[in-house]
1. With respect to F65, is the statement that it is among the hydrophobic types (A, V, I, L, M, F, W, C), surrounded by fewer than 17 Cβ atoms within 10 Å (Cβ to Cβ) and not in a strand (DSSP E or B) true?
2. Which residue pairs have Cβ atoms closer than 7 Å, lie 6 or more positions apart in sequence or on different chains, and pair a first residue in segment 167-195 that is within 25 Å of I398 (Cα to Cα) with a second residue that is aromatic (F, W, Y)?
3. So, in segment 372-398, how many residues would count as being in a loop (DSSP other than H, G, I, E, B) and among the aromatic types (F, W, Y)?
4. For segment 289-300, does any single residue satisfy the condition of being among the basic types (K, R) and without any contact (Cβ under 8 Å) to a residue 60 or more places away in the chain?
5. Enumerate the pairs (first residue in segment 360-382 and closer than 14 Å to P240 by Cα; second residue anywhere and of a type outside the set (V, I, T) and assigned to a helix (DSSP H, G or I)) with beta-carbon separation below 7 Å, excluding pairs fewer than 6 apart on the same chain, so at least 6 apart or on different chains.
6. Go over the candidates S121, S109 one by one and state the one that is closer than 21 Å to Y177 by Cβ, outside any helix (DSSP H, G or I) and in contact (Cβ under 8 Å) with a residue 40 or more places away in the chain.
7. Can you tell me which residue within segment 1-48, out of those that are under 21 Å from T80 (Cβ atoms) and charged (D, E, K, R), is surrounded by the fewest Cβ atoms within 10 Å (Cβ to Cβ)?
8. So which residues in segment 347-357 are touching a residue at least 40 places away in the same chain (Cβ under 8 Å), buried (at least 16 other Cβ atoms within 10 Å of the Cβ) and either among the small types (G, A, S) or closer than 16 Å to A316 by Cβ (or both), if there are any at all?
Amino acid sequence: MTRKKILFVAEAVTLAHVGRPLALSATLDRQQYEVHFACADRYGFCFEGEDLVRWPMHSISNQKFLQALADGKPVYDAATLAGYVEEDLQLLRQVQPDVVVGDFRLSLSISARLAGVPYISLINAYWSPYVSQQYIVPSLPLTRLLPIPLANALFKLVRPLAFALHTMPLNKVRRRYGLASLGWDLNRVYTDADYTLYADVPDLFPPHNLPPEHAFIGPVLWSPPLPVPDWWHQLPAERPLVYVTVGSSGHGALLPAVLRALADLPVTVLAATVGLVKLDAVPGNARVADFLPGEEAARRAALVICNGGSPTSHQALAAGVPVVGIAGNLDQFLNMQGIVAAGAGALLRADRFDEAALRHAVQGLLGTPAATTAARRLKAIFDSYRASESFSKLLSKILTSA
């Protein structure tokens with residue numbers, strides 16, 4: 001029997017957008033599927049030992065992506081997206097996949113349709129047009145100048161217009177290729193696909209009127225295949241462990257302050273720099289490495305401190321461990337709002353970071369059982385989902401009906 005070709009396309013602006021589809025690709029039966037994976041070369045270390053065909057693909061730089069988020073500007077202009085579409089189309093002609101799966105590769109909204117290839121999009125549920133949100137102002141230029149309550153009030157007024165501006169580049173390119181506009185809803189632009197899979201659970205982000213082409217598949221967990229540091233198996237057992245990582249889209253400059261805030265607490269800190277920051281000094285209660293196995297670190301920890309994004313917070317909750325999210329961009333704020341509402345964590349602002357506030361949050365979460373109880377409740381919910389099974393069933397459905 002001829003194997004079906006599945007093409008994964010990752011927009012490699014953060015490690016999360018590569019790790020999530022890579023985790024799903026690893027679950028596919030190679031006797032049934034021929035797996036192809038396209039992304040920029042910057043995360044080559046993630047593919048050690050992977051049984052798949054790799055394809056190079058252009059993505060904007062991490063720095064450009066993060067700067068656009070920090071400035072509150074559209075991540076892509078029309079020229080960039082048009083270039084993406086042409087590159088996508090060339091790749092689709094070369095691979096001739098039966099299904100294409102994209103993670104934040106917005107151009108597939110156009111190219112997959114032009115090529116006539118069924119398109120699955122992976123995304124977080126807090127970007128769904130079918131999930132209601134209370135938006136908090138993220139770290140933006142105006143939050144550096146104004147008190148947060150005032151900045152938040154202004155953000156609520158201008159957010160619909162700002163979101164509309166973010167939709168314009170993709171809609172412009174869609175019209176160029178003869179496709180209808182997706183309208184002014186950024187959530188619709190982010191989730192447009194033949195099938196949209198949410199790597200979340202509805203208990204954190206309750207949907208309304210969810211169409212059958214949209215589905216929750218639960219968290220998609222992934223850790224880079226890297227060796228552990230020498231100290232990994234020699235950690236003291238008498239104190240709780242706190243796992244700290246800034247993430248590839250976090251604020252690396254905050255890590256020294258985070259370590260200082262934890263230095264006098266009766267905890268052992270496991271910190272991953274993700275290669276983003278050099279530390280002049282490391283407190284006596286901390287162990288530091290560029291990368292750590294996130295899932296195992298979360299399982300060993302009593303608390304996880306991260307940028308509030310879904311990859312690390314999901315690792316924590318899957319282990320039944322509460323989270324402190326030091327959020328900067330809107331994605332991180334939206335994710336942490338669901339976790340805080342569930343009672344399983346605390347949200348701090350990166351642009352108002354205060355060491356005393358972090359110590360207070362850590363002591364509060366470690367000192368009372370409520371957050372751990374809530375995290376363990378979410379772990380039970382996470383455990384009831386099998387993302388790989390849901391994904392495999394969808395592929396079978398698509399390929400059977402093709």
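1. No, not satisfied.
2. N187/W127; Y190/W127; T191/W127; A193/Y119; D194/Y119
3. So the count comes out to 1.
4. Within segment 289-300, one or more residues are among the basic types (K, R) and without any contact (Cβ under 8 Å) to a residue 60 or more places away in the chain.
5. Cβ pairs passing all conditions: V362/L262; L365/A371.
6. Going through S121, S109 in turn, just one is closer than 21 Å to Y177 by Cβ, outside any helix (DSSP H, G or I) and in contact (Cβ under 8 Å) with a residue 40 or more places away in the chain: S121.
7. Among those residues, the one meeting the criterion is D41.
8. Within segment 347-357, A350 is the sole residue that qualifies.
The values are calculated or read from the model by the stated rules, or taken from the named source; none is laboratory data. The structure displayed is predicted, hence computed values, not measured ones. Positions of Cβ are backbone-derived with ideal geometry, glycine not excepted, and every protein chain shown enters the neighbour counts.
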